[in-house]
Amino acid sequence: MKKTGIVILILLICAMVVFFLARQKKPTIAVSPYPDGKNFAFSITDDPDFSKRWKIRQVYWFLDSIGIKTTMAVWVKKPERSNGVPDVAGDYFYGQTCENPKYLAFIKSMQQRGFEIALHTVSGGNDPRESTIEGYETFKTMFGHYPKINIMHAENLENIYWGGNVIENRLLRYLAAFLYPKTKLPFGGEDPDSPYYWGDVLKAKTKYVRLWGTEDINTLKFDPRMPYHNPKTPYVNYWFSFSDGYSPAIFSKMLSSENIQRLEKERGTCIAYTHFASGFARKDKTGKRVVDPEFKQRMTELSKHKEGWFVPVSTILDRLLAVKNLRLTANGSTLSVENQNRFDMDGVTLLMAPGAEFSIGNEVLRADDQGEIIIGTLKAGEVRNFEFLDGRLRVYELSEKRGVLEKYRILYERTKLIFKHRFSNREAS
Ligand SMILES: [Zn+2]
């Protein structure tokens, strides 16, 4: 009896090994997240904390000159209350706002040049519901649409699912409150009973909100499912993450030659988070403000990577989201590509081993030396079938569900940044 059990066990193990080997043997095909054979994407979100037009304009003119279009977050109005607690009315300055005509004219000029304008909450201070509603309309009047991205600012009490509320595990939430008391602040953006409630506005008018972050240049490797919706945080349509470029020194370190090369090799996305007002353009000996030389050098090197896709943050996030609705199915040697989006997708690119061949009708498509096959535009709802000329194949798909390990890794990496910034602030002051 015992012997039979052992034999069955061995047979089972052999069957599993054969099954996995057979799976391994099949070549794998995937969709590239980027259009037209691009290898990686890069963009920046720049928060307006302590910003002034003359502190940042050289940086933006430089970015424009090298063809890197990014996302600039603004405050539409001056704060009427403090930031965080104690929550008091008053006259505060956290940085220039769009109430300043020259600043607004500058921001609009960059919008015309192809830069994206996002919101950094309505002002630098706590914004009660009425203020946020009014600010959203002001944003629309100024820029022609509601903000597609809203980035929560520091300790604004209207921040949504903020502080301890971002941590799902109750025990960890207590621990965070003990180690980092700011997580206990009474953030109320998602609470209909709070004077700071505006979750309904966010859900109706804004698509993306920034949350987690990493030191790694490759934001997509850190958060492979972004942009994602979490049913437990229903007012946020989609969350996205960032790579830390907090200050000029941290930014340049993140953008080292090795890291740029790795970003390209990993076919990653970098959404750098920074504050351009914090010394990215400084006065030279003659008193003229010039772009930080190291930042300039790093960005120039990046811009020369012709396989890079340098577009504003929401353009990248829209693409990542659309690619999730591009369904690949393999049936024997037949590959179906279906665009389940309600819109056409341009520059659709498949990734496989270099030299892999497919036929469609009388045409033969061959993956180039980077393993890319550009199949071009897929109309909304279109299904296109290809025959793989070398036998059977397997489709690579990333599940939408985040595993426990990934959750805690993300929380751990974000916590590391909080302590790193506290340390670097102390050094800077
Ligand atoms: Zn801020």
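Here are a few things to note about the model shown:
- Screening the candidates ASN150, ASN169, ASN126 for the property of being of a type outside the set (Lys, Arg) and under 22 Å from the mean Cα position of the chain (by Cα) yields one hit, ASN150.
- Qualifying residue in the range 398-410 (condition: of a type in the set (Asp, Glu), under 21 Å from THR219 (Cβ atoms) and outside any loop (DSSP other than H, G, I, E, B)): yes
- Tally, over the range 110-127, of residues that are assigned to a helix (DSSP H, G or I) and under 19 Å from THR45 (Cβ atoms): 2
- Verdict on ASN159 being without any contact (Cβ under 8 Å) to a residue 60 or more places away in the chain, within 16 Å of the ligand (Cβ to nearest atom) and crowded, with 18+ Cβ neighbours inside 10 Å: yes
- Residue within the range 168-184 that is crowded, with 19+ Cβ neighbours inside 10 Å, under 30 Å from THR132 (Cα atoms) and among the basic types (Lys, Arg) present: no
- LEU185 being within 16 Å of the ligand (Cβ to nearest atom), closer than 20 Å to TRP75 by Cα, in contact (Cβ under 8 Å) with a residue 40 or more places away in the chain and among the aliphatic types (A, V, I, L, M): no
- Subset of the range 119-145 [within 16 Å of the ligand (Cβ to nearest atom), touching an Asp or Glu at 6+ places or on another chain (Cβ under 9 Å) and not acidic (Asp, Glu)]: HIS120, THR121, VAL122, SER123, GLY124, GLY125, ASN126, THR132, GLY135
- Single condition THR70 does not satisfy, out of (1) within 16 Å of the ligand (Cβ to nearest atom); (2) in contact (Cβ under 8 Å) with a residue 60 or more places away in the chain; (3) hydroxyl-bearing (Ser, Thr, Tyr): (1)
- Residues in the range 417-429 that are charged (D, E, K, R) and surrounded by fewer than 14 Cβ atoms within 10 Å (Cβ to Cβ) were compared, and the one that is modelled with the highest pLDDT is ARG422.
- Some residue of the range 384-397 being of a type outside the set (D, E, K, R) and under 21 Å from the mean Cα position of the chain (by Cα): no
- Residues being away from the ligand (no atom under 15 Å from the Cβ), more than 20 Å from the chain's Cα centre (by Cα) and not aliphatic (A, V, I, L, M) - total across the range 43-59: 4
- Considered as a group, the residues in the range 351-374 that are touching a residue at least 60 places away in the same chain (Cβ under 8 Å) and assigned to a strand (DSSP E or B) include one that is nearest to THR28 (Cα to Cα), and that residue is LEU351.
- Hey, GLY95 within 16 Å of the ligand (Cβ to nearest atom), more than 17 Å from THR315 (Cβ to Cβ) and part of a helix (DSSP H, G or I) or not: no
- Selection of the range 323-350 for residues being within 30 Å of ILE44 (Cα to Cα) and surrounded by 20 or more Cβ atoms within 10 Å (Cβ to Cβ) yields ASN339, MET345, VAL348, THR349, LEU350.
- Where a residue in the range 263-290 is over 19 Å from PHE251 (Cα atoms) and at pLDDT 95 or above and its partner, wherever it lies, is more than 16 Å from the ligand (Cβ to nearest atom) and in a loop (DSSP other than H, G, I, E, B), with Cβ under 8 Å and at least six apart: GLU266/ASN218; ARG267/SER32; ARG267/PRO33; ARG267/TYR34; ARG267/ASN39
The values are calculated or read from the model by the stated rules, or taken from the named source; none is laboratory data. Fair warning: this is a prediction, and the values are worked out from it, not measured in the lab. Neighbour counts run over all protein chains shown; Cβ positions are idealised from the backbone, glycine included.
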